[in-house]
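Working notes for the structure below.
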Amino acid sequence: MTEQLIILIIVWPLLAGVLTALLPCRENLLSAWGIFNLLACNAMGLGLVRLVLAQGSTSYHISGWAPPLGIELKVTVFSALLSWLISAVALFGFVGGRRTWADQIGERLPQFLSLFFLLVAAFEGLCLSNDAFNLYVMLEISSLATYGLIAFGGGRAYLATFHYIVMGTIGASFYLIGVGYLYIKTGTLNITALAHMIAETELTQAYLLALCFLITGILLKMAVFPLHFWLPNAYTYAPAATSLLVGPLSTKLAVFLLFRIMMDIFGGVLPSLHPTWSFVIVGLASVGILVGTSLALAQYDLKKTFACLIVAEAGYMLGGLWLTDPRGTVGALFHLVNDAIATLVLFLVVIAIQSSVGGKKLSDLKGLFQKSPLTAVALILVAFNLIGVPPTAGFFSKATLMTGAIASGRFEFVIALLLASLGNLVIFFRIIEQAYFQPQDNSEAGRSKDGQRAGAFALAIGSLLVMLGLSAYPVMETFIRPVVHL
Amino acid sequence: MSVIEHNFIYLFFVVLLMIGLYGAIAKVNLVKKLFGLTIFQTAIILFYVSIGQKKGAAIPILEVGHGHQALPDVVAAHYINPLPHVLMLTAIVVGVATVGVALAVIQRLYAEYGTVEEDEILEKIVRS
């Protein structure tokens with residue numbers, strides 16, 4: 001009976017999304033309705049985690065059609081954790097973004113939330129589907145919902161959305177071509193069946209070309225340098241409520257898709273691919289990390305700085321996945337979980353800062369410590385996480401990634417990680433210096449209640465990073481190590 | 001010569017794909033970019049549809065449906081593969097949705113800046 005949760009966690013937000021568009025635009029009603037649905041998603045996510053811990057990976061056949069004919073959904077220990085993480089981030093993002101609705105969304109709120117739920121459904125689908133074509137459809141649903149959500153920003157968001165549409169569609173199409181090649185060679189779209197066939201046959205050029213297309217498509221969605229230029233503007237000009245859901249999850253799910261392709265489809269032949277592919281891709285990731293961090297250093301707008309950091313973080317995970325040592329892959333997946341929460345906290349902090357000091361430029365930050373101390377503490381906490389100070393989760397993910405990189409002998413990746421930590425240190429020191437040491441222009445300005453509340457919320461979510469850090473090794477052993485077959 | 005003859009459909013696919021990609025990346029006019037993107041997607045649909053094709057095969061409709069009697073012996077080689085066509089129905093829907101969203105965004109851009117030329121829009125953004 002509990003297997004039904006696997007489909008329910010996709011169908012529930014999908015139906016909620018359709019119904020939301022019909023509701024009247026009353027903020028309290030929509031807020032209660034949204035929290036109710038997202039709490040239900042969290043309960044289902046937690047149910048999935050319990051299910052896989054009790055009986056291991058579980059499959060669900062849609063409409064009772066078994067795999068060679070039908071579409072299969074499959075939950076593994078890690079995808080159960082990820083589907084719960086999606087529900088949790090959606091819930092926290094929803095609650096944290098509520099206060100910005102009146103300013104930024106206005107009377108189109110039901111439509112906005114409709115897309116919001118649709119995006120949650122697509123993310124859950126991306127996380128649970130075990131069918132290569134189904135994954136394409138989910139990828140496109142998630143992108144289409146994201147385009148709409150970003151375009152709600154108005155003004156400069158439109159051009160950013162258009163660039164995102166062009167790059168996102170090209171990326172998904174490349175993925176589709178790759179799936180087509182695999183279908184021609186094997187005659188199946190089920191990921192488990194694909195893996196069996198690929199492990200048994202000789203790896204011809206057609207397979208390698210398919211892998212090329214799949215990876216290029218996903219790197220576009222992941223916004224890894226040099227395919228990153230659409231991301232910073234799209235995330236910066238999006239409404240705050242959008243960034244809270246899209247920023248933490250969108251690129252992370254692309255990373256998970258890449259992991260599925262490597263481990264679940266090409267897993268059997270991965271060691272033979274490693275010597276050449278790892279060399280190129282880890283090198284690319286190292287450059288990407290440095291470029292992303294330098295871009296972030298050059299910004300004066302906080303939201304844009306954090307959007308550029310997402311580009312750098314994508315490099316961490318890409319490089320980690322392609323290290324030949326299993327610890328690299330484990331570190332990359334742990335970093336995925338950690339970075340989803342950290343990005344959520346970053347964007348929550350931006351909202352808190354905006355309502356405390358009235359702006360999100362670096363120069364607006366003067367006196368933040370007096371006006372909203374909790375916001376400032378949340379900012380320092382997430383800064384520690386990104387720099388990699390124990391006991392935050394960022395330290396453990398970076399330590400595991402570096403151990404993997406050293407064991408694989410990829411020292412350029414180690415250097416890139418260290419320089420990125422240094423870069424993050426400079427970025428956050430600049431911010432904290434402004435917030436703490438710069439004299440306040442107007443000492444009369446009272447503490448805004450909204451800013452205090454938003455700061456407290458950001459700090460509460462930020463404390464999850466410490467909890468995740470303290471339980472880092474049990475999490476890796478229980479949820480991540482079993483899915484890494486290296 | 002025979003290489004072209006045997007792989008004509010694939011070559012056609014690649015040429016169409018490259019035309020679309022060029023349009024989507026190199027054109028300055030946003031509507032033209034969108035045309036390029038549509039050509040790009042259509043090329044992929046064509047590619048998928050072509051891989052279901054078999055020489056001398058019929059359309060995949062059985063005279064006796066399931067649920068009636070025992071199925072007669074079905075030889076797969078006598079029917080073209082319907083699966084890629086079905087997949088492409090979904091992909092066409094996705095494509096239509098993408099074009100719809102993109103056109104709506106272009107319309108908003110035109111209302112905002114009074115032009116659909118990317119360089120002119122960027123110029124106006126920089127000036128403001």
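Could we say that A:GLY268 is surrounded by fewer than 24 Cβ atoms within 10 Å (Cβ to Cβ), part of a helix (DSSP H, G or I) and in contact (Cβ under 8 Å) with a residue 60 or more places away in the chain here?
Spelling it out, A:GLY268 is indeed surrounded by fewer than 24 Cβ atoms within 10 Å (Cβ to Cβ), part of a helix (DSSP H, G or I) and in contact (Cβ under 8 Å) with a residue 60 or more places away in the chain.
How about region B:1-50: which of its residues are more than 17 Å from B:VAL99 (Cβ to Cβ) and of a type in the set (S, T, N, Q)?
Result: B:SER2, B:ASN7, B:SER50.
Which residues, counting only those in region B:77-124, are surrounded by fewer than 16 Cβ atoms within 10 Å (Cβ to Cβ), closer than 21 Å to B:ALA26 by Cα and within 11 Å of chain A (Cβ to nearest Cβ)?
Result: B:LEU103, B:GLN107, B:TYR110, B:LEU122, B:LYS124.
For A:THR188, work out the one condition from (1) within 11 Å of another protein chain (Cβ to nearest Cβ); (2) assigned to a helix (DSSP H, G or I); (3) not aliphatic (A, V, I, L, M) it doesn't fulfil.
(2)
Do we have any residue at all in region A:110-118 that's crowded, with 21+ Cβ neighbours inside 10 Å, closer than 23 Å to B:HIS85 by Cα and of a type outside the set (S, T, N, Q)?
Checked region A:110-118: no residue is crowded, with 21+ Cβ neighbours inside 10 Å, closer than 23 Å to B:HIS85 by Cα and of a type outside the set (S, T, N, Q).
Collect the residues in region A:197-226 that are more than 30 Å from B:GLY52 (Cα to Cα) and either crowded, with 21+ Cβ neighbours inside 10 Å or under 15 Å from the mean Cα position of the chain (by Cα) (or both), keeping them in residue-number order.
Correct list: A:MET222, A:ALA223, A:VAL224, A:PHE225.
Can you tell me which residues in region A:164-185 are surrounded by fewer than 18 Cβ atoms within 10 Å (Cβ to Cβ) and at the interface with another protein chain (Cβ under 9 Å from one of its Cβ atoms)?
Within region A:164-185, A:ILE184 is the sole residue that qualifies.
Here is a check on your reading of the model: is A:LEU290 under 16 Å from A:PHE174 (Cβ atoms) and of a type in the set (A, V, I, L, M)?
It is false that A:LEU290 is under 16 Å from A:PHE174 (Cβ atoms) and of a type in the set (A, V, I, L, M).
So that you can scan it fast, the table gives a plain yes or no per residue for (1) touching a strand residue (DSSP E or B) at 6+ places or on another chain (Cβ under 8 Å); (2) closer than 23 Å to A:PRO232 by Cα; (3) not small (Gly, Ala, Ser):
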position	(1), (2), (3)
A:ALA314	no, yes, no
A:TRP322	no, no, yes
A:ALA332	no, yes, no
A:ALA340	no, yes, no
A:LEU344	no, yes, yes
A:LEU374	no, no, yes
A:THR400	no, no, yes
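Looking at (1) surrounded by 22 or more Cβ atoms within 10 Å (Cβ to Cβ); (2) away from chain B (no Cβ under 13 Å); (3) under 15 Å from A:LEU38 (Cβ atoms); (4) not small (Gly, Ala, Ser), find the lone condition where A:LEU91 falls short.
If we test A:LEU91 against (1) surrounded by 22 or more Cβ atoms within 10 Å (Cβ to Cβ); (2) away from chain B (no Cβ under 13 Å); (3) under 15 Å from A:LEU38 (Cβ atoms); (4) not small (Gly, Ala, Ser), just (1) comes out false.
Of the residues B:ILE25, B:ILE44, B:ILE39, B:ILE19, which single one is modelled with pLDDT of 85 or more, under 30 Å from A:TRP230 (Cβ atoms), more than 12 Å from chain A (Cβ to nearest Cβ) and surrounded by 11 or more Cβ atoms within 10 Å (Cβ to Cβ)?
Just one listed residue meets the conditions, B:ILE19.
Here are some conditions: (1) in contact with a Leu (Cβ under 8 Å, 6 or more places away or on another chain); (2) in contact (Cβ under 8 Å) with a residue 60 or more places away in the chain; (3) within 14 Å of another protein chain (Cβ to nearest Cβ); (4) crowded, with 21+ Cβ neighbours inside 10 Å. A:LEU194 meets all but one. Which one does it not meet?
Among (1) in contact with a Leu (Cβ under 8 Å, 6 or more places away or on another chain); (2) in contact (Cβ under 8 Å) with a residue 60 or more places away in the chain; (3) within 14 Å of another protein chain (Cβ to nearest Cβ); (4) crowded, with 21+ Cβ neighbours inside 10 Å, A:LEU194 violates only (3).
Name the residue, out of A:THR276, A:THR305, A:THR293, that is without any contact (Cβ under 8 Å) to a residue 24 or more places away in the chain and not small (Gly, Ala, Ser).
Only one candidate passes the filter, namely A:THR276.
Tell me which helices (runs of 4 or more DSSP H) are completely within region A:277-387 and hold 1 or more residues being within 19 Å of the chain's Cα centre (by Cα) and either surrounded by fewer than 24 Cβ atoms within 10 Å (Cβ to Cβ) or not aromatic (Phe, Trp, Tyr) (or both), or say none if there are none.
Helices (runs of 4 or more DSSP H) meeting the threshold: A:302-321, A:326-357, A:373-387.
Suppose the filter is touching a residue at least 24 places away in the same chain (Cβ under 8 Å) and in contact with a helix residue (DSSP H, G or I) (Cβ under 8 Å, 6 or more places away or on another chain); does A:GLY328 pass it?
Yes: the conditions hold for A:GLY328.
The rows are residues; the columns are (1) polar (S, T, N, Q); (2) in contact with a strand residue (DSSP E or B) (Cβ under 8 Å, 6 or more places away or on another chain); (3) farther than 20 Å from A:ILE141 by Cα.
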| position | (1), (2), (3) |
| --- | --- |
| A:GLY17 | no, no, no |
| A:GLU27 | no, no, yes |
| A:ASN42 | yes, no, yes |
| A:ALA54 | no, no, yes |
| A:ILE62 | no, yes, no |
| A:PRO68 | no, yes, yes |
| A:LYS74 | no, yes, no |
| A:TRP101 | no, no, yes |
| A:GLN104 | yes, no, yes |
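Of all the residues that make up region A:107-140, how many are within 14 Å of chain B (Cβ to nearest Cβ) and not in a helix (DSSP H, G or I)?
Total satisfying the criteria: 2.
The values are calculated or read from the model by the stated rules, or taken from the named source; none is laboratory data. Being a predicted model, the structure only gives us computed values, none of them experimental. Methodologically, a virtual Cβ is constructed for each residue, glycine included, from the backbone with ideal geometry; neighbour enumeration extends over all protein chains shown.
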